Amino acid sequence: MKPGPLLKAVLFCLAAFSPHIPAAEPAPNGLPEWGMGPFVKQPQPVLSPAADSKFRCPVLGREVHWEAQNVYNPGAVVRDGKVYLFYRADDRNPALKWGRTCRIGMAWSEDGTHFTRYPTPVVYPDNDEWKPYEWEGGCEDLHVIEGEDGTYYMNYTTWNGASDTMSVATSRDLLWVPENPSPQKMQF
């Protein structure tokens with residue numbers, strides 16, 4: 001049986017962080033054989049906060065500027081030759097204890113440096129069974145991978161303003177489908 005991408009990722013982590021597994025010989029660029037790099041920083045950020053991004057928050061029942069304060073903590077996946085970048089975005093809301101709610105946005109790129117934003121968040125607090133875990137802090141700090149069956153798995157932190165929990169969302173097309181969520185297999 002040929003190992004799939006998930007198994008390869010686990011083996012990579014074991015090899016990279018276990019003191020009991022010998023390290024690979026460095027390549028001419030000083031990195032191990034499996035290493036990527038060197039990385040070159042781009043001259044400008046690929047995304048910045050966008051005060052004009054609007055979204056009707058289902059919990060507040062009104063429009064919010066969901067990317068006004070911050071965009072950060074990205075995770076990326078490649079699908080059909082495009083880079084899909086998922087990221088945490090914060091609004092500004094002084095009426096909330098923390099002063100903001102986090103949501104997960106998405107942008108895509110043909111070249112990995114010039115991104116087009118999806119206009120609304122793809123994972124966000126709602127008036128559903130997840131509200132006790134997500135409101136009023138939100139959804140944040142994501143990681144996304146593609147499973148061997150083509151399903152995308154996003155693990156992310158849910159924060160209600162008092163405690164953190166870890167949650168998982170799944171998708172076949174990288175977009176959340178709010179009319180079809182379920183606690184076990186929520187789509188994003």
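The values are calculated or read from the model by the stated rules, or taken from the named source; none is laboratory data. What you see is a predicted model; the values in this text were computed from it and never measured. Backbone-built Cβ (ideal geometry, glycine too); neighbour counts: all protein chains shown. In case anyone asks, the SASA skips ligands and DNA or RNA and just uses the protein heavy atoms, side chains included. Shrake-Rupley method; radii C 1.70, N 1.55, O 1.52, S 1.80 Å.
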At 1.002 mPa s and 20 °C, Stokes D of the range 17-143 from Kirkwood alpha-carbon radius, µm² per second: 128
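Taking only protein heavy atoms into account and a 1.4 Å probe, give the accessible area per residue of the range 45-92 in Å². All intermediate terms of the calculation are to be shown ahead of the outcome.
Values: 2400 Å² over 48 residues.
About 50 Å² of surface per residue is accessible.
Name the GluC sites (Glu not before Pro) in the range 25-133 that are in a loop by DSSP and that have at most 14 other C-beta atoms within 10 Å, would you? Don't skip to the end; give the middle numbers.
Working: sites: E33, E63, E67, E110, E129; in loops: E33, E110, E129.
Those satisfying the criteria are E33, E110, E129.
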Distance between modelled label sites at E148 and R79, nm, 7 Å Cα→Cβ extension: 2.1
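Contour minus end-to-end for R56 and D173, with contour as 0.36 nm per residue of separation and end-to-end as the Cα-Cα distance?
39.9 nm is the gain from fully extending R56 to D173.
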